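Asks: Once you've had a glance at the structure underneath, I'll fire off some questions.
Computed from the coordinates by the stated procedures, all read-outs in this text should not be read as laboratory data. All of these numbers come straight from a predicted model, not from anything done at the bench. Note that each Cβ is placed from the backbone with ideal geometry, even for glycine, and that neighbours are counted across all protein chains shown.
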Amino acid sequence: MAGYAMGLKCDSCGGEFSLRDPLTTCPNCGGLLEVQYDMAAMRREIKVIGGSPEYDSIWRYRQFFPSVEEQNVVTLGEGRTPLVKSVHLAGKLGIDNLYYKNDTMMPTGSFKDRGFSLAVSYAKELGVRRGFTYSSGNAGASFAAYSSRGMFNALALVEYIANPVKKAMIQLYGAQAAVLDYDNFGQITAMLEQAAERLGLYQFVNFINPIRHEAMKTYAYEITEQLGRVPDAMFHPVGTGGGIFGAYKGYCELAHLGFTDQIPRMYGVQPAAAAHFKAAFDAGLPEAAAYGDCTKTIAQSIASDSPIQGGRRVLRAVYQSGGAALGVEDGDILEAMRDLAKDGIAGEPSAAAPVAAFKQAYEKGLVKASDTAVCVITGSAFKQPGAIKEAAGEPVTHIRADIDELEKLIVRLRL
């Protein structure tokens with residue numbers, strides 16, 4: 001395959017493998033695989049970040065991906081989402097440069113579309129025609145959409161606690177779906193790791209699939225192009241952690257290639273009820289263990305109590321960037337949904353969690369009023385409609401269709 005990607009390397013044993021092999025985890029030790037690039041050649045030859053301007057999607061940055069032939073690219077126009085400067089919350093807190101990366105505007109309403117566009121395209125490049133993923137809802141819907149678009153045979157295993165709308169979206173997009181029952185999240189991670197070894201079926205689960213998070217590097221490219229520089233801090237919701245790790249890898253690439261001399265402080269955000277990364281970070285540990293109860297939070301999309309292979313990649317991104325792992329309470333998430341909505345963006349609870357975490361970090365002095373910070377808003381509130389009602393309620397005022405009543409209402413409301 002042409003391009004700058006050279007091969008796959010195992011995080012654990014250092015084994016190196018060809019990009020032409022449809023691998024998920026390391027065939028030697030079961031460790032996670034990472035795409036390696038010829039960074040020296042990239043530094044010599046890449047002069048602009050968006051090297052494929054004919055694409056108005058993540059594929060604008062295909063020079064930073066493993067190579068995929070044009071006929072195998074599966075795209076729905078994902079990525080290139082707005083970077084919206086906060087007016088309401090920034091004004092309330094007295095800060096200047098708070099931005100929202102609005103991925104609620106993705107094709108399936110979720111940031112997962114970045115990863116599945118690349119992962120499904122790359123699978124087609126390898127000749128893979130079937131595979132499966134685990135999902136709390138958003139990933140399953142995205143996988144279903146891109147698999148159907150790419151004529152790919154897909155199975156989505158979706159958590160029993162997932163929102164019914166998200167479960168239905170998987171079926172609407174046309175994938176095979178099964179509801180996954182379990183007693184604790186560790187059973188899921190164990191099943192997924194065993195499946196890679198026993199079944200030989202290509203997986204699309206974050207990190208077990210070595211390609212999905214490569215697309216999340218586009219956060220770094222897009223935000224840098226949109227801001228004209230790298231932000232000081234970035235807040236990202238964390239489930240398995242492909243988003244935050246991919247973004248961190250993208251910023252590191254930009255620094256290595258000379259586009260910036262700064263890496264943002266990366267803040268990983270979880271619900272306090274199941275914040276295993278925060279527990280590990282607070283203890284200064286390189287790995288996270290099972291922690292909390294993932295059924296006790298409204299933030300379903302990032303509710304897990306056990307990380308994949310200890311969550312080493314996520315913690316490495318946090319530690320090495322000088323950031324932190326944070327946990328936020330449900331009440332603060334609901335307040336963040338309201339704050340975010342007043343800035344014109346309706347995010348689901350998991351997507352609003354970074355806003356709650358930003359407020360927490362600002363109050364603790366982790367970010368300054370002069371910092372430029374970006375909160376990644378990963379999914380639309382319309383995918384979890386019950387949370388909208390919980391955050392905002394419904395109108396309680398009723399009037400008759402009468403001009404006198406309308407006039408009285410306007411006076412009472414002081415419009």
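Asks: The range 368-408: Rg/Rh from Cα coordinates, Kirkwood Rh?
Replies: The Rg/Rh ratio comes out at 1.30.
Asks: Of the options G30, A5, S52, report the single residue whose Cα projects farthest towards the positive end of the charge dipole of the range 3-68 (beta-carbon charges: Lys, Arg +1; Asp, Glu -1).
Replies: Farthest towards the positive pole: S52.
Asks: Rounded to the nearest 20 debye, what is the charge dipole size of the chain about its Cα centre when +1 sits on each Lys and Arg Cβ and -1 on each Asp and Glu Cβ?
Replies: Dipole of the chain, to the nearest 20 debye: 420 debye.
Asks: How large is the charge dipole for the range 321-399, taken about the Cα centre, if only the Cβ atoms of Lys, Arg (+1) and Asp, Glu (-1) carry charge, to the nearest 20 debye?
Replies: 160
Asks: Find, among the chymotrypsin sites (Phe, Trp or Tyr not before Pro) in the range 79-172, those assigned to loop by DSSP (not H, G, I, E, B) with at most 15 other beta-carbon atoms within 10 angstrom.
Replies: Counting only loop positions with at most 15 other Cβ atoms within 10 Å, the chymotrypsin sites (Phe, Trp or Tyr not before Pro) in the range 79-172 are Y160.
Asks: What is the angle, in °, between the Cα long axis of helix 349-364 and the longest principal axis of the Cα atoms in the chain? Nearest 10 is fine, range 0 to 90.
Replies: Taking Cα atoms only, the helix is inclined about 80 degrees.
Asks: Percent of Cα-Cα pairs per 5 Å bin, from 0 to the last occupied bin, for the range 103-180, please list those.
Replies: 3, 19, 30, 25, 15, 6, 1
Asks: Report the antiparallel proportion of the DSSP beta bridges in the chain as a percent, rounded to a multiple of 5.
Replies: Within the chain, antiparallel bridges account for around 25 percent of the total.
Asks: Looking at the range 217-321, which GluC sites (Glu not before Pro) are in a loop (DSSP not H, G, I, E or B) and have at most 15 other Cβ atoms within 10 Å?
Replies: Hits after loop and neighbour filter: E287.
Asks: Please report, in debye to the nearest 20, how large the charge dipole of the range 259-328 is about its Cα centre when each Lys and Arg carries +1 at its beta carbon and each Asp and Glu carries -1 there.
Replies: In debye, rounded to 20, the range 259-328 gives about 80.
Asks: Loop only by DSSP, 14 or fewer other Cβ within 10 Å of the Cβ. Give me the GluC sites (Glu not before Pro) in the range 57-159 that pass, ordered by residue number.
Replies: E69
Asks: Counting only other residues whose beta carbon sits under 9 Å from that of N72, what net charge do I get with K and R as +1, D and E as -1?
Replies: So the environment of N72 carries a net charge of -2.
Asks: Along the positive direction of the dipole of the range 364-415 (beta-carbon charges: Lys, Arg +1; Asp, Glu -1; about the Cα centre), which of V374, Q384, L406 reaches farthest?
Replies: V374
Asks: Just for the Cα atoms in the range 1-153, what are the lengths along the principal axes, largest first, rounded to whole Å?
Replies: 54, 39, 35 Å, listed from the longest principal axis down.
Asks: Using Cα pairs closer than 8 Å and at least 6 residues apart in sequence, work out the relative contact order for the chain, in percent.
Replies: 16
Asks: Going down the list K47/K342; K47/K359; K92/K383, which pairs span over 31 Å between their C-alpha atoms?
Replies: Result: K47/K342; K47/K359 exceed 31 Å.
Asks: D for the range 1-81, whole µm²/s, Stokes-Einstein with Kirkwood Rh over alpha-carbon pairs at 37 °C and 0.692 mPa s: what number?
Replies: D, rounded to a whole number, is 231 µm²/s.
Asks: Can you check what the net charge comes to around G292, using other residues whose Cβ is under 14 Å from the Cβ of G292 (Lys, Arg +1; Asp, Glu -1)?
Replies: Counting the neighbours of G292, the net charge comes to -3.
Asks: If you wrap a convex hull around the C-alpha atoms of the chain and split its volume per residue, what is the figure in Å³?
Replies: Roughly 152 Å³ of hull volume per residue.
Asks: Separate question: What's the angle, to the nearest 10 degrees (0 to 90), between helix 185-198's Cα axis and the longest principal axis of the chain?
Replies: 30
Asks: Something else about it: Around Y219, with a cut-off of 14 angstrom between Cβ atoms, what is the net charge of the other residues, counting Lys and Arg +1 and Asp and Glu -1?
Replies: For residues surrounding Y219, the net value is +1.
Asks: Another one. I need two numbers for the range 303-414: Rg to one decimal and Dmax as a whole number, Cα atoms only, in Å.
Replies: 19.5, 66
Asks: Expressed as a whole number of Å, what is the distance separating the alpha-carbon centroids of the range 21-86 and the range 172-241?
Replies: The distance from the Cα centre of the range 172-241 to that of the range 21-86 comes to 15 Å.
Asks: Here is a further query. So, by mean Cβ neighbours within 10 angstrom, what's the order for 60-67, 162-169, 347-354, 36-43 with the highest one leading?
Replies: Output ranking for 60-67, 162-169, 347-354, 36-43: 347-354, 60-67, 162-169, 36-43.
Asks: Which one, G239, S67, G15, projects farthest toward the positive side of the charge dipole computed for the chain from Cβ point charges (K/R +1, D/E -1)?
Replies: S67
Asks: Which one, K124, K389, K85, has the greatest fluctuation when you compute a Gaussian network model over the chain with C-alpha springs under 10 angstrom?
Replies: K389
Asks: Something else now. Based on Cα positions only, what radius of gyration and what Dmax would you give for the range 167-308, in angstroms?
Replies: In Å, with Rg to one decimal and Dmax whole: 17.1, 48.
Asks: Using only the alpha-carbon atoms, how far is helix 218-227 inclined from the longest principal axis of the chain? Give it as 0 to 90 degrees, nearest 10.
Replies: Its long axis makes an angle of about 50 degrees.
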